[in-house]
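Input: a single structure, listed below in structure tokens.
The values are calculated or read from the model by the stated rules, or taken from the named source; none is laboratory data. Values in this document were obtained by computation on a predicted structure and should not be read as measured data. With ideal geometry, Cβ positions are generated from the backbone for all residues, glycine too; neighbour counts draw on all protein chains shown. For accessibility, only protein heavy atoms count, side chains too; no ligands or nucleic acids. Shrake-Rupley method; radii C 1.70, N 1.55, O 1.52, S 1.80 Å.
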Amino acid sequence: LQSAFFQDRWKPEKGFWRRLTLDAGVRFDLQHSVFGNARELAATLSQAPGVEPFSLKPFETQRTTGAQASGRYGASIVLTKNSVLRGSYSDIFTPTPVDYFLGPININDPIVNGIYAGTPRPLLPTRGKLVDVSIESQFGPRFVTRTNLFYKKLYNFGDSGVIGNLP
């Protein structure tokens, strides 16, 4: 995974608006993954008695590349001496996990399009959008509370959480 970002911050210096801070930036992420070769295991499984013919392609070495340039925008305003309101928007790019858990393939299940359910497939990064609003309050010199409300819309979620990883 390679990432780079550029961010700028602007804050007025006079009047009421000096309580305001604006942030804007862009982040670039690039992921290239190589998933292991399990072709020999699949070939051995295919020779077992009672196993229907199935596609060996998902068991070959898989390579995936994903990239995204995403904008990130934020603002904060000091409401009182001890409280700050913050808001932000960003496009999400979550790389796939380094490893994932795979249950045994059940050869008693039906084959769909030449593939058993549970067959590993190349994982892709999760993409989405995130809107986040929070209020931060300080009580005394050391105690701070923060309450967040956020809206997240994810695409390809099964690949980041390693759930529902089916073809």
Quiz item: N108 fails exactly one of the following numbered conditions: (1) open to solvent by 70 Å² or more (accessible area, probe 1.4 Å); (2) of a type in the set (S, T, N, Q); (3) in a loop (DSSP other than H, G, I, E, B); (4) in contact with a Ser or Thr (Cβ under 9 Å, 6 or more places away or on another chain). What is the number of that condition?
Solution: (4)
Quiz item: Does Y151 satisfy the condition of being modelled with pLDDT of 75 or more, open to solvent by 70 Å² or more (accessible area, probe 1.4 Å) and within 30 Å of A42 (Cβ to Cβ)?
Solution: no
Quiz item: Can A117 be described as of a type in the set (A, V, I, L, M) and either touching a His at 6+ places or on another chain (Cβ under 8 Å) or modelled with pLDDT of 95 or more (or both)?
Solution: no
Quiz item: Is it the case that some residue within segment 43-66 is polar (S, T, N, Q), part of a strand (DSSP E or B), surrounded by 13 or more Cβ atoms within 10 Å (Cβ to Cβ) and modelled with pLDDT under 85?
Solution: yes
Quiz item: Are there any pairs, at least 6 apart or on different chains, whose C-beta atoms fall under 6 Å, with the first in segment 1-22 and within 30 Å of S33 (Cβ to Cβ) and in contact (Cβ under 8 Å) with a residue 40 or more places away in the chain and the second assigned to a loop (DSSP other than H, G, I, E, B) and open to solvent by less than 60 Å² (accessible area, probe 1.4 Å), and if so, which?
Solution: L1/P95
Quiz prompt | Residue selected from segment 120-144 under the condition in contact with a strand residue (DSSP E or B) (Cβ under 7 Å, 6 or more places away or on another chain), open to solvent by 50 Å² or more (accessible area, probe 1.4 Å) and closer than 30 Å to F93 by Cβ, by the criterion modelled with the lowest pLDDT | solution = L124
Self-check item: Failed item in (1) under 19 Å from L123 (Cα atoms); (2) part of a strand (DSSP E or B); (3) open to solvent by 90 Å² or more (accessible area, probe 1.4 Å), with N37 passing the rest
Solution: (2)
Quiz prompt | Matching residues, segment 54-77, being out of contact with any Leu (no Cβ under 9 Å at 6 or more places or on another chain), closer than 16 Å to Y116 by Cβ and in contact (Cβ under 8 Å) with a residue 60 or more places away in the chain | solution = S55, P58
